[in-house]
Amino acid sequence: MTGTDALLACAAAFGVAALTTPLAAVLASRVGAVDQPRARGLSERPTPLLGGLAMLAAVLVAGLIWLPWDSETRAILLAAVVISLVGAIDDAIELPAFVKLLGQTAAAIIPVSAGVKVNNITLPLAGAVDFGWVGVPLTVIGLVALMNVVNFSDGIDGLAAGVCSIGAVAFSVIAFDLDRAAAGVLAAIVAGAAAGFLVHNFPPAKVFMGDSGANLLGLLLGCVAVQGTLKTNAVVAVVLPLLILAAPLLDTGFVVAKRLRYGRPIHVADQNHFHHRLARVGMSPRRTVAYLYGWTFSLAMLAVAIRFVPYTDELGHFQPGWTLVLGLLGLIALAASVQVVAVLEIMGFRKLRARQMKAASPDSSDSDIDALVAREIQTGEWDAVRPDQLDGPASP
């Protein structure tokens, strides 16, 4: 398999997903798998789910043509079918959290039992670490965790599909460089399927991927990470997936930590995800996903650069010029991360403004506060906010 195969597989997956997504939306409407506007969501109208079934069709068609027909491929495709069906049932009737977890675990066990597992990894300074039999449950747990990471991040039009497509492209490039052609082609297929679905899911979305799609993307990206990097002896094998998937991982980590802190169930949705917080400071859905796309892209490109930039020679000595190039790319990724955090910190500004407005006018509603903060952020003009003013009316 070559890079040409990957490009053709990606294009085929894109075409199948783009063509079949409207059919999945029609099916969703007929079986009642329709997402209704709710307080914790950002959609404004009923939207059909089951977009994941279109991505599944794309993965199966392209996979059967371009992937090697070995035990690992058969297991991955079977697991893709299982998790998509579990997700589709959940989209239609909303399964209990424990049942969904069982379905995710069952789907993860299928590829792991066929050899898609991490037996050992190579860590910087520490060298090779052999997991032995523990590698099996660790890989299952990792796949289930990644399914939920993607599922948790799927809260605004176009976000999960776009982020996963960007990440899959990076995985594909790195996998080919590590001589993991099958993983590279699978990653290209995932990128094409997600991008094809995104044609209908970009804000304003006509269809959502639902759990059928989020779980599918999480499972396949996890399999790609295991096959493409973690099963190699590359020193950076662990670092690369963490960089590529940093945005959804950090988002999920933040949300889970906040739920645990306040004693709320982990699986119960709320409005503390990055995209919710960005929306609350006045960003449109398109601008929100653009911010998060840019962040993901900068981190993914840093991961690719770490693999390709020859910043050390054969003896491990740093090459000044190439090290500077890698450092500049790292600074760009860091700047993107700081930019997102800086915008999110505006929420601290909103809290101060809310307390100030409540002190000045106790009848101020949350919508009044949101409207004021959005206007001030968009115009760049606002009255000074000082904590010592919070006991009385605001002054310019």
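Some points to look at:
- Kirkwood hydrodynamic radius (C-alpha pairs) into Stokes-Einstein, the range 3-259, 25 °C and 0.890 mPa s, D in µm²/s: 137 µm²/s
- For the range 61-69, putting each phi into the Karplus relation 6.51 cos²θ - 1.76 cosθ + 1.60 with θ = phi - 60° gives couplings of 4, 5, x, 5, 8, 9, 8, x, 8 Hz, in residue order, rounded to whole numbers and with x for Gly and Pro.
- Normalised by residue number, the volume inside the convex hull of the Cα atoms of the range 131-278 is 116 Å³ per residue.
- Shape call, the range 17-115: gyration tensor on alpha carbons, a/c limit 1.5: oblate
- Ser284, Ser337, Ser212 arranged by Cβ crowding within 10 Å, fewest neighbours leading: Ser284, Ser337, Ser212
- Gyration tensor (Cα) of the range 145-191, equivalent ellipsoid semi-axes in angstrom: 23, 11, 7
- Extending 7 Å from the Cα toward the beta-carbon at both Thr312 and Asp179 defines two label points whose distance is 2.0 nm.
- With N as its number of residues, the range 177-236 has a Cα radius of gyration that, divided by 2.2 N^0.38 Å, comes to 1.34.
- Distances between placed amide hydrogens fall under 5 Å for Asn120 paired with Phe131, all partners being 5 or more residues away or on another chain.
Computed from the coordinates by the stated procedures, all read-outs in this text should not be read as laboratory data. Computed from a prediction, not measured in an experiment: that's the story for all the values here. Methodologically, a virtual Cβ is constructed for each residue, glycine included, from the backbone with ideal geometry; neighbour enumeration extends over all protein chains shown.
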